[in-house]
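Take a look at the structure set out below.
Derivation of every value follows stated rules applied to the coordinates shown; laboratory data play no part. Here the structure is a predicted model, which means the values were calculated and not measured. Using ideal geometry, Cβ is built from the backbone for each residue, glycine included, and neighbour counts are taken over all protein chains shown.
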Amino acid sequence: MELKHLLGSALIGDIIYDAPMSKYTSFRTGGRADALVMPKSEKELSRAILLARENGVPYCVIGNGSNLLVRDGGVRGIVIRLAEGFSGIQVEGNTVTARAGELLSSATNAALHNGLTGLEFAGGIPGSVGGGMAMNAGAYGGELANVCEGARVMDVKTGSTEYIPVSGLEMGYRTSRALREGNIITEAVFSLAPGDRSAIKALMDDLNRRRREKQPLAFPSAGSTFKRPEGHFAGALIEQANLKGVSVGGAQVSQKHAGFIINAGGASSKDILELMRLVQTRVYDMSGVTLEPEVRIIGED
Ligand SMILES: Cc1cc2nc3c(=O)[nH]c(=O)nc-3n(C[C@H](O)[C@H](O)[C@H](O)COP(=O)(O)OP(=O)(O)OC[C@H]3O[C@@H](n4cnc5c(N)ncnc54)[C@H](O)[C@@H]3O)c2cc1C
């Protein structure tokens, strides 16, 4: 059945057909998705998932697209984006509850306004709460697993959602059980501690300043391209392999931080993928260390 016909009358939220994924990813590259679906509730989300699964339509879930590379041929089927429509933050006592589509910066700001400490490290990570939880986003010694009490997770096989305490989320270095199993985080609960508002603000400002100094924030990227290999730093290995500034088409190993591949202007996803392979080969030849992408790659060539 034609996708438009299948989705047309389904109550699954806003739909954009033939959606340019470059608009929804921080790399600003990639082809089009057959349909970009933006549910506003768990009900709409489960309808979208079950509709896709029952009709054999491929689907995937994204948040803010800040750790995502979409290949140039785009994505067949449905891309489900949990973003603006999936919003809402509640603060009760020392607990911040945020829906998956909220930005991590919004959750961090809510904590700041309520004098709660613990989430400062996440203020400059440009992901959504759902994507951040799936990736167990972290920075400056913190990671979401350390401040998370639990999350609501949708089982994509049944479309039902339940609250799972943090131990059951199995969050590891840039991974989680939901990411591995393809289940969907719809809400996260962060357990914080009372703190001094001006100290919280000062720490957030300091971390943001350090980001601006060290990271190529003026260019589109997906943050660190590769995971930190055990016992090493990806950026240092890439720099030692003399790859700083090396380009393929419009993709470049950042001069400012070798751990970032940037879209220096007009890059295609193919350029970025070729540059990633070149970096992996040269670093391996030099050091014997295999760099594993942190960036998630979807779509077809
Ligand atoms: C300039 C810059 C700096 C960055 N700095 C950091 C940093 O310091 N630390 C860090 O950890 N990361 C960093 N990142 C990477 C990125 O911001 C994080 O990985 C973030 O958590 C991704 O969230 P997202 O909503 O953008 O997810 P997306 O990129 O949309 O998706 C990432 C993955 O999560 C899955 N996913 C998304 N939403 C959900 C959901 N609700 N349920 C289940 N799975 C889901 C997707 O399927 C995909 O596999 C940086 C990126 C940029 C561009």
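A few remarks follow.
- Segment 215-298, dipole about Cα centre (Lys/Arg Cβ +1, Asp/Glu Cβ -1), debye to the nearest 20: 120 debye
- For the pair D155 and D205, label points projected 7 Å from Cα toward Cβ lie 4.9 nm apart.
- R0 of 45 Å, Cβ-Cβ distance S9-R197: FRET efficiency to nearest 0.05: 0.35
- Theoretical FRET efficiency, 1/(1+(r/R0)^6), r = Cβ-Cβ of E54 and I16, R0 35 Å, to 0.05: 0.95
- Ordering of 238-251, 175-188 by packing [mean C-beta count within 10 Å, highest first]: 175-188, 238-251
- Number of Lys pairs (Cα under 15 Å; 8 or more positions apart or on different chains) in the chain: 4
- Near A98: Cβ cut-off under 13 Å, other residues only, Lys/Arg at +1 and Asp/Glu at -1. The net charge is -2.
- Highest-MSF residue in the chain out of L119, L50, L82 [GNM, Cα springs under 10 Å]: L50
- For the chain, share of DSSP beta bridges that run antiparallel, in % to the nearest 5: 80 percent
- For a paramagnetic label modelled on R212 (point 7 Å from Cα along Cα→Cβ), amide N atoms under 18 Å away belong, within segment 113-144, to 121-126.
- By DSSP, the beta bridges lying fully in segment 1-117 are antiparallel in about 55 percent of cases.
- Relative contact order for segment 89-200, counting Cα pairs under 8 Å that sit 6 or more residues apart, in percent: 34 percent
- Length released on extending from S167 to S247, taking residue separation times 0.36 nm less the Cα-Cα span: 24.6 nm
- Extension reserve of the Q240-Y140 stretch, reckoned as 0.36 nm per residue once the Cα distance is removed: 33.7 nm
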